[in-house]
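Values in this text are rule-based calculations from the coordinates and carry no lab data. Model, not experiment: these values are computed from the prediction. So basically every Cβ, Gly included, is an ideal-geometry build from the backbone, and we count neighbours across all protein chains shown.
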Amino acid sequence: MAGVWHLALTTIVALIAWHPGTTVAQPAMSQATPLTSPATAAGDQALLTMRDAYRRGNQRELQTLRPRLNGHPLEPMADYWVMRMGLETATAQDIRGFLQRWAGSYYEDRLRNDWLLLLGTRQDWATFLAEWPRFRMNDDARVRCHGLHARLLTEGSLSPDEAAEAGRLWLAQRDTEDACAPLVEQLLTRQAIGADVVWQRVRLGAELNRPRAVAQAVAMLNPDWVEPFGQVMAQPSRYLDDKLTALRHRTKEMVTLALIRVAVGDPEEAATHMERTRWRTQLTREEASWVWGVIGRVAAQRLMNEAPAWFARGQAADMHPDHLGWWARSALRTGQWTHVAKAIAAMPAAQQGEPIWTYWHARALLQLKTPDAQAQARAQFQRMAGVHDFYGQLALEELGQAITTPQPPPPPTPQEMEAARQNPGLRRALHAVAVGLRSEGVREWNYETNLHTPGGMGERELLAAAQLACQHQVWDRCINTSERTPRSADHRQRYPTPYREPVLQHTMTIGLDAAYVYGLIRQESRFITDARSHVGASGLMQVMPATARWTAKKIGLNSFQPRDINQLETNIAIGTGYLKLVLDDFEGSLPLAAAAYNAGPGRARRWRAPNDGSGPVLEGAIWAENIPFSETRDYVKRVLSNTTNYAALLSGQPQSLKARLGVVGPRARSSPGENSDLP
């Protein structure tokens, strides 16, 4: 704890000394201009009423209100709502009139996206193919599937690469849908893709408990199979019972599906079934390997030490990429580096190239101790090293380098800033955010700042747009836009520190590292004070109502009322107070406390080694990578990476991510908080 407290004290001292005249000052706010004028106030209110009418599906009210938005800065948004509501009955002439009226804008492309989906559903392929090349965003998988379907039917065939792409797009869909499935069915009929793609879809549906996706896929092969496969989904163990001789129609595909379903609930039971001679001989190598992959994945996510051995019973080349990822994670947790290397080597090239697997493969190479392996590992670290992400930072430290703040690029010139201020899309987006239409404003802002959209912004334009968002204190767009610059990085934009006075006051009072708090807030809310999650977490620090009530009592905030949670001071007081209580309960471990803040202390306790002292002591990075929930796993890594960058920026001193990660092992028997009532 002494080291953590020293880091906290260093950051606090730096924050006290930090003022706008220093080299790491916040982007200046003086250039911000009012987003609204009295002349537009009435239109703003009419727009909010229109938004509510659109959500209710009240087309008549939309049309009545629409004239009030003539000449308003957000007239395209109002026009879009009216047109979108009537899209199914609109003529092509009406739709093209809208597209021409708002040519070049986000709303032109947004409506074209909607229209293309409707045209695909109606199978109006001639109109679809005429409009598809004009779709600039080109980011909707359903539109892509409709486009490939249109070409297949009008041109007679697709290339092998396009047919394979169709299969990948379909496999990536979460549930049943009406765009990619008809395309795959056509390709299957024409023998342009094999039944193996369909069986993959069936297995993934079984693994993720999506019976409708299973039924849709099976029906492509034989509609008569839908009912029996539905029964397998509902009662998998019945299809593995030798006593039920009446089930003579059991196929190896049904058995595979049943084993997958059993494995999801009980990997040990599924492994026992797989040991039986009957199933070993009935299933193909590929089918058996997939089942072992599911058994291993579920076991790995339950932190079972048997997971690597179960994975090894199958062939890595026949497993799903997600299985291979969990094989590598489970091997990291159990210290089996040869398994780590084997799992990563079997991954598709794109997966191997991800920073996570590049880093751990290099770490596996280091275990070989040979000069060639050491050189190869160092080359991999050098390729990925950088301060911008969790594994880039760890790679830097493997190369013996500390994490420092990069030299910022030259600030945007007055001419670049003026161009950003005059950009119609950015102006509309800022106006939308200012009047309470944040989600609509964010979508348009993202469209305008998409580096890969044809005609999109370049590096300097993105820096100016990020600066503009900072000036207007739209911190989430400030951060996200700055992160899009591919070559230069301005950490003053990427890691802003608004609300310094209340954050500093509370962190100093209770002994928290201000960099850790900022790293957590950046991940939780992107500094949006009225943010609200889908599960009900509120405010800057995304506090749940029950947690807020409990913490308020603990810290003596007796006047707290639930409605106060979005008040800035109250939210920071409760959020930092709860974080300190969690951190103390987990003996100062930053990764454990971050996991507890996101997923709850009970889960975080289950994810560490047993309290009897028998479990492993893991590197913090290995522990974090084995968190079963993908959201929490990503959250912990981002919070710790953010924290390290904030500490470097605020203190001006080199930092270590590894020091903050520390090690995670069993709770000491004598440590306090064993029976903590933390919610």
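Here are a few things to note about the model shown:
- The string of couplings for the stretch 181-193 from the Karplus curve (6.51, -1.76, 1.60, θ = phi - 60°) is 4, x, 5, 4, 4, 5, 5, 5, 4, 8, 6, 7, 9 Hz, one whole number per residue in order, with x for Gly and Pro.
- Only DSSP H runs of four or more residues enter the estimate; each adds -39500 (n - 2.57), and after division by the residues of the chain the mean residue ellipticity at 222 nm equals -19000 deg cm²/dmol.
- Placing unit charges on the Cβ atoms only, positive for Lys and Arg and negative for Asp and Glu, gives the chain a dipole magnitude near 660 debye about its Cα centre.
- With 25 Å as the limit, the listed pairs Lys252/Lys342; Lys580/Lys658; Lys369/Lys658 have Lys252/Lys342 beyond it between alpha carbons.
- Protection proxy ranking, highest mean first, for peptides 366-373, 438-445, 405-412: 438-445, 405-412, 366-373, where packing is the per-residue count of other beta-carbon atoms within 10 Å, averaged.
- Point-to-point label distance, Gln315-Thr176, nm (Cα→Cβ direction, 7 Å offset): 3.5
- Overall form of the stretch 183-244 per C-alpha gyration tensor (a/c, 1.5; a/b vs b/c): prolate
- Placing +1 on each Lys and Arg Cβ and -1 on each Asp and Glu Cβ, with no other charges, gives the stretch 174-272 a dipole about its Cα centre of roughly 140 debye.
- Across the stretch 628-636, coupling constants 3J(HN,Hα) worked out from phi with the 6.51/-1.76/1.60 Karplus curve, θ = phi - 60°, read x, 8, 4, 4, 6, 4, 5, 4, 4 Hz, and Gly and Pro carry x.
- Centre-to-centre separation between the Cα atoms of the stretch 118-145 and those of the stretch 444-522: 35 Å.
- Sorting 518-529, 390-401 by their mean Cβ neighbour count within 10 Å, with the most densely packed peptide first, gives 518-529, 390-401.
- The stretch 86-191, Rg to Rh (Cα coordinates; Rh as Kirkwood inverse mean 1/r): 0.99
- For the stretch 272-278, backbone phi angles converted through the Karplus equation (6.51, -1.76, 1.60; θ = phi - 60°) give residue-by-residue couplings of 4, 4, 5, 6, 6, 4, 4 Hz, Gly and Pro being listed as x.
- For the chain, the residue among Leu468, Leu117, His339 whose Cα projects farthest onto the positive side of the dipole built from Cβ charges is His339.
- Against the compact-protein benchmark of 2.2 N^0.38 Å, the Cα-based radius of gyration of the stretch 146-193 scales to 1.02.
- Contour minus Cα-Cα distance for Gln401 and Arg96 (0.36 nm per residue): 104.1 nm
- Cα gyration tensor category, rounded, prolate or oblate, for the chain with a/c compared to 1.5: oblate
- Part-to-part distance (alpha-carbon centres) for the stretch 332-367 and the stretch 171-229, which is given in Å: 32
- Look at the Cα gyration tensor of the stretch 330-376: its axes a ≥ b ≥ c give a/c of at least 1.5 with a/b at or below b/c, and that counts as oblate.
- Residues with amide H under 5 Å from that of Val543, placed H, sequence gap 5 or more: Ser538
- Database remark: amide H of Val663 closer than 5 angstrom to the amide H of Gly620 (H placed geometrically; neighbours at sequence offset of 5 or more, or on other chains; Pro and chain starts carry no H).
- When each of the peptides 417-428, 299-310 is scored by the mean number of other C-beta atoms lying within 10 Å of its residues, the order from highest to lowest reads 299-310, 417-428.
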